[in-house]
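See structure below.
The values are calculated or read from the model by the stated rules, or taken from the named source; none is laboratory data. This is a predicted model, so every value here is computed, not measured. Positions of Cβ are generated from backbone atoms using ideal geometry, with glycine treated the same way; all protein chains shown enter the neighbour counts.
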Amino acid sequence: MEITNVMEYEEIAKKKLPKMVYDYYASGAEDQWTLKENRNAFSRILFRPRILVDVSHIDLTTTVLGLKISMPIMIAPTGMQKMAHPDGEYATTRAASAAGTIMTLSSWATSSVAEVASTGPGIRFFQLYVLKDRNVVAQLVRRAERAGFKAIVLTVDTPRLGRREADIKNRFALPPYLTLKNFEGLDLGKFDKTNDPGLTTYAAGQADQSLSWKDVKWLQTITTLPILVKGVLTAEDTRLAIQVGAAGIIVSNHGARQLDYVPATIMALEEVVKAAQGKVPVFLDGGVRRGTDVFKALALGASGVFIGRPVVFSLAAEGEAGVKKVLQMLRDEFELTMALSGCRSLKEITRNHIMTEWDRPWIAPRL
Ligand code: FNR
């Protein structure tokens with residue numbers, strides 16, 4: 001049967017993948033309240049469509065950090081994609097390039113920055129976890145620069161790994177035939193096991209719990225690449241991120257995999273956008289599954305969105321073709337939403353094209 005929306009890939013992936021892998025991709029932290037909320041919150045935002053606008057030509061293009069892309073929908077970093085499909089990050093990168101959008105490669109990828117670059121032209125960002133050993137961090141960043149990556153996405157919500165109970169029950173570990181390719185051939189000091197079977201413990205052990213704002217400054221001393229700070233949920237941290245020189249902010253709760261009971265990202269977005277005062281672009285990830293979700297995020301001030309799980313699920317189901325289809329479906333739905341709302345370009349999408357529960361609680365009752 002034909003796949004007609006992004007969500008359908010999750011069911012196929014669930015049937016196809018080993019339970020340990022599916023659970024790793026699907027899970028959120030603890031009660032998974034935020035996981036459900038990331039989706040539910042979108043349904044509390046309704047449209048105020050404008051009619052009789054000539055929508056025979058619709059332009060979805062935009063620029064991110066000065067880079068032109070075909071649509072404001074990009075690929076979020078998700079680790080270990082070769083568990084989903086043997087082509088892993090190669091397939092995702094090719095699909096992103098074909099769609100004319102940005103691929104963000106995870107630090108914990110099963111393909112290296114150089115391998116991803118070898119797939120051909122395209123815009124790529126490198127997601128960075130700052131490890132205790134700054135020498136390793138510097139090597140990772142240098143490699144990403146050399147491979148032509150255009151920005152560092154600095155993930156700041158993971159000083160320790162969130163408790164994903166399914167992973168604990170399954171004793172989640174990277175299958176022994178895969179490795180964390182970005183670490184291959186690096187001088188890892190005493191951390192020389194890139195395919196340690198106790199990966200969760202290993203990764204958690206490497207995370208630098210002392211990471212703080214001064215380290216964002218330090219990062220700027222070792223790279224000229226722009227830095228996007230990923231994992232901001234408050235106005236306070238937005239102001240600090242701008243102060244220390246972030247080039248942009250990604251409102252993210254790590255796909256609800258870190259602190260449970262933080263708000264859905266779409267609920268936190270407007271606070272961040274207001275605090276950013278247009279000084280840097282603000283992006284969002286978390287629960288984006290429909291073109292209408294993309295529109296809602298842009299109406300609340302986002303410059304673009306990133307998708308995580310839809311990529312790994314479609315990759316598991318159909319490899320590169322699956323990821324291409326996800327990007328195409330979201331694109332088509334987003335374009336349709338624009339047409340039916342009377343918007344011809346991203347600039348025409350305004351706050352007045354939506355109403356939220358917090359504007360009018362009687363219109364969009366809480367689910
Ligand atoms: C992630 N995410 C993530 N983030 C990051 O900065 N580095 C990483 O290595 C990973 N790895 C990862 C693996 C898996 C399986 C998931 C589901 C998520 C978080 C990711 O970048 C993004 O914030 C969320 O996935 C967005 O939410 P959705 O689209 O999955 O709902």
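Can LEU330 be described as closer than 30 Å to ILE12 by Cβ, of a type in the set (A, V, I, L, M) and assigned to a helix (DSSP H, G or I)? Considered against the rule, which asks whether it is closer than 30 Å to ILE12 by Cβ, of a type in the set (A, V, I, L, M) and assigned to a helix (DSSP H, G or I), LEU330 comes out as yes. Put simply, of SER118, SER97, SER106 the only residue that is of a type in the set (Ser, Thr, Tyr), surrounded by fewer than 19 Cβ atoms within 10 Å (Cβ to Cβ) and touching a Ser or Thr at 6+ places or on another chain (Cβ under 8 Å) is SER97.
The number of residues in the stretch 303-349 being of a type in the set (A, V, I, L, M, F, W, C), under 27 Å from MET83 (Cβ atoms) and either within 16 Å of the ligand (Cβ to nearest atom) or under 15 Å from the mean Cα position of the chain (by Cα) (or both) comes to 14. Among the residues making up the stretch 108-134, those that are charged (D, E, K, R) and assigned to a helix (DSSP H, G or I) are GLU115, ARG134.
Yes/no matrix, rows are residues, columns are (1) within 23 Å of ARG289 (Cβ to Cβ); (2) among the hydrophobic types (A, V, I, L, M, F, W, C); (3) within 19 Å of the chain's Cα centre (by Cα):
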{"site": "TYR25", "(1), (2), (3)": "yes, no, yes"}
{"site": "ASN38", "(1), (2), (3)": "yes, no, yes"}
{"site": "PHE42", "(1), (2), (3)": "yes, yes, yes"}
{"site": "ARG48", "(1), (2), (3)": "yes, no, no"}
{"site": "LEU52", "(1), (2), (3)": "no, yes, no"}
{"site": "HIS57", "(1), (2), (3)": "no, no, no"}
{"site": "LEU67", "(1), (2), (3)": "no, yes, yes"}
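Across the stretch 255-264, not a single residue is classified as within 15 Å of the ligand (Cβ to nearest atom), touching a strand residue (DSSP E or B) at 6+ places or on another chain (Cβ under 6 Å) and at pLDDT 95 or above. Condition check: modelled with pLDDT of 95 or more, touching a Phe, Trp or Tyr at 6+ places or on another chain (Cβ under 6 Å) and buried (at least 18 other Cβ atoms within 10 Å of the Cβ). Does GLY291 satisfy that? In short, yes.
To keep it simple, each residue is scored yes or no on (1) buried (at least 18 other Cβ atoms within 10 Å of the Cβ); (2) within 16 Å of the ligand (Cβ to nearest atom); (3) under 17 Å from the mean Cα position of the chain (by Cα); (4) more than 17 Å from PRO159 (Cα to Cα).
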| position | (1), (2), (3), (4) |
| --- | --- |
| ARG239 | no, no, no, yes |
| ILE249 | yes, yes, yes, yes |
| ASN253 | yes, yes, yes, no |
| ILE266 | yes, yes, yes, yes |
| ALA276 | yes, no, no, yes |
